[in-house]
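Take a look at the structure below.
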Amino acid sequence: MKKKNGVILVIFLTELLAASAVYAQSTVRFAVIGDYGLAGQAESDVSNLVKSWNPDLIITTGDNNYENGADLTIDQNIGQYYHEFISPYVGSYGVGDTINRFFPSLGNHDWRTAGALPYLNYFTLPSYERYYNFVWGPVHFFAVDSDTNEPDGQTSTSIQAQWLQSTMSISSLPWKIVYMHHPPYSSSSRHGSTPSMQWPYKEWGATAILAGHDHTYERIFHDSLTYVVNGLGGKSIYSFGTSVSGSQVRYNADYGAMLVTATTEAITFQFITRKGIVIDTYTITSKYTIAVNLQDGWNIVSVPVRVLDPRTLILFPSAISDAHSYETSGYQVRDTLQKGIGYWLKFTSPQNVNIVGQPVGEDTIDVETGWNIIGSISNPVLVNEIIQLPSEIVVSPYFEYSGKYIVADSIMPGRGYWVKVNQTGKLILSSTTAVKRE
């Protein structure tokens, strides 16, 4: 909670919102800038490069406002170059955006003014604001405060780390990008690696870790996870020392920024200099992991991804019943599970089951006159945005089952839903729609 212009703003991001696509689109392009916040030619050049890409949003790896994170310098160091992406924009360099598209993380220079108050007053960010998460398209972003001044700590057992682990665990999106200031691993001779930030990100489900602090560009592959140091946003340039284990690309000849392009199938990271020279390109292809939350007893489940082995005993090995689908002739026992269909399964205790496969961004589901149990896709879908062919064939609410029947307002990955139609037709679920929660 904070006060801006006399208005108390309470920003509350629920876990359900964290798992939902607020800005849903099939492809997202975002820029990453780090250690950039010093007004001058280098920052101007990098900002012009970034704006030439017309990215959907910008994230930062910290040190947004040199030297001391002060009120007097914050607008000239940030708003002068990036006000078009900020909402609400409270500075004097022009008009901001109608929605916020600028998502910074705190650096040590931002903390040099007590409580990082100029930063917290300048930006309106989700959740706790010092650290937070948000979704854009197929990417779930997690901004972490790696500074020792963070009240909720910055070790792997801290309150902040527990938040990251729990929030990441409920996300069903293919890409989970964690970004911060202090690099867990770095080959720079200036600062180098930060042991306190070497959290079990891979175990928690992260796709990549982006950081700054060292004014270099470096891509590292450590313990099967990609780490990037991106601190060439405009302040100064550091030297390299001995390469850390897994260091694959190192660059420190000029300033620049990262352009990242993500679809449901792949995410590509590029580092590009202010002169437009591509230094590094790296692509990760996706495997969706959907965590399906199951209750004790009967559940209606579905397969929200394309799997190699669709047998029930492989997908839900702890089930104590056969899988039952529903057809016009009644319930049918199934040994294999198909996407688009819901199935009854019974379990002896509450549990999470992970289903791994290729993402399903859209599915056309055949329905018969009367009641049907339909499945889900890899992203949440609002029920009022499901396409009906022919139109208006649905004559009931969509019902989910959680010990009792509940009217559903969205179709969630891994779940199954009852729905009644008045004639044979098709229902089209698409991830281009957004699930929104207040």
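The values are calculated or read from the model by the stated rules, or taken from the named source; none is laboratory data. Just so it is clear, the structure is predicted and the values come from calculations on it, not from any experiment. Quick reminder, even Gly has a Cβ in these numbers, built from the backbone with ideal geometry, and neighbours come from all protein chains shown.
Scanning the range 369-381 for residues that are modelled with pLDDT of 95 or more and either assigned to a loop (DSSP other than H, G, I, E, B) or of a type in the set (A, V, I, L, M) (or both) yields THR369, ILE373, ILE374, GLY375, SER376.
Note on the range 148-170: residues that are surrounded by fewer than 21 Cβ atoms within 10 Å (Cβ to Cβ) and assigned to a loop (DSSP other than H, G, I, E, B) total 11. Checking the range 77-98 against the condition returns no match, with no residue being under 22 Å from SER171 (Cβ atoms) and either of a type outside the set (A, V, I, L, M) or outside the structural domain of THR264 (by TED's automatic domain parsing) (or both). Of note, LYS339 does not satisfy the criterion of being assigned by TED's automatic domain parsing to the domain that holds TYR326 and either in a strand (DSSP E or B) or of a type outside the set (Lys, Arg) (or both). Consider the range 313-325 and keep the residues that are in contact (Cβ under 8 Å) with a residue 24 or more places away in the chain and farther than 28 Å from MET168 by Cβ. The one that is surrounded by the most Cβ atoms within 10 Å (Cβ to Cβ) is SER325. Within the range 35-47, restricting attention to residues that are more than 24 Å from the chain's Cα centre (by Cα) and not in a helix (DSSP H, G or I), the residue that is surrounded by the most Cβ atoms within 10 Å (Cβ to Cβ) is GLY37.
Only a single item in (1) β-branched (Val, Ile, Thr); (2) in contact (Cβ under 8 Å) with a residue 24 or more places away in the chain; (3) surrounded by 13 or more Cβ atoms within 10 Å (Cβ to Cβ) is not met by THR328, and it is number (3).
Which of the residues belonging to the range 245-284 are of a type in the set (A, V, I, L, M) and surrounded by fewer than 19 Cβ atoms within 10 Å (Cβ to Cβ)? Answer for the range 245-284, where residues must be of a type in the set (A, V, I, L, M) and surrounded by fewer than 19 Cβ atoms within 10 Å (Cβ to Cβ): VAL249, ALA253, ALA266, ILE277, VAL278, ILE279, ILE284. Taken over the range 384-438, the residue count meeting the criterion of being part of a loop (DSSP other than H, G, I, E, B), hydrophobic (A, V, I, L, M, F, W, C), modelled with pLDDT of 95 or more and over 15 Å from ASN372 (Cβ atoms) is 1. Of all residue pairs spaced 6 or more apart or on separate chains, those with beta-carbon atoms under 9 Å, a first member in the range 387-403 that is touching a residue at least 40 places away in the same chain (Cβ under 8 Å) and a second member that is surrounded by fewer than 12 Cβ atoms within 10 Å (Cβ to Cβ) are GLU400/VAL407.
So in the range 48-65, with the set limited to residues that are of a type in the set (Val, Ile, Thr) and assigned to a strand (DSSP E or B), which one is surrounded by the most Cβ atoms within 10 Å (Cβ to Cβ)? Result: THR60. Within the span defined as the range 363-381, every residue fails to be surrounded by fewer than 17 Cβ atoms within 10 Å (Cβ to Cβ), of a type in the set (A, V, I, L, M) and on the phi < 0 side of the Ramachandran plot.
Contact map, the range 340-363: residues that are within 19 Å of TYR288 (Cα to Cα) paired with residues that are part of a loop (DSSP other than H, G, I, E, B) and among the basic types (Lys, Arg), Cβ distance under 9 Å, separation 6+ or inter-chain. Pairs shown: VAL356/LYS287; GLY357/LYS287; GLN358/LYS287; PRO359/LYS287; VAL360/LYS339; ASP363/LYS339.
If you go through the range 104-122 and pick out every residue that is under 21 Å from GLY231 (Cα atoms) and surrounded by 21 or more Cβ atoms within 10 Å (Cβ to Cβ), you end up with 9. Of all residues in the range 66-84, those being surrounded by fewer than 20 Cβ atoms within 10 Å (Cβ to Cβ), touching a residue at least 40 places away in the same chain (Cβ under 8 Å) and either within 14 Å of TRP111 (Cα to Cα) or of a type in the set (S, T, N, Q) (or both) number 5. Only a single item in (1) of a type in the set (S, T, N, Q); (2) in the same structural domain as SER378 (by TED's automatic domain parsing); (3) under 16 Å from SER378 (Cα atoms) is not met by SER329, and it is number (3). Identify, please: which residue in the range 409-427 is aliphatic (A, V, I, L, M) and under 21 Å from LEU294 (Cα atoms) and is, among those, surrounded by the most Cβ atoms within 10 Å (Cβ to Cβ)? Of everything passing the filter in the range 409-427, ILE411 is surrounded by the most Cβ atoms within 10 Å (Cβ to Cβ). Considering only the range 126-135, state which residues are surrounded by fewer than 22 Cβ atoms within 10 Å (Cβ to Cβ) and either at positive phi or modelled with pLDDT of 95 or more (or both). Within the range 126-135, PRO126, SER127, GLU129, TYR132, PHE134 meet the criteria.
Annotation: of all residues in the range 190-207 being among the small types (Gly, Ala, Ser) and within 19 Å of THR226 (Cβ to Cβ), the one that is surrounded by the fewest Cβ atoms within 10 Å (Cβ to Cβ) is GLY192.
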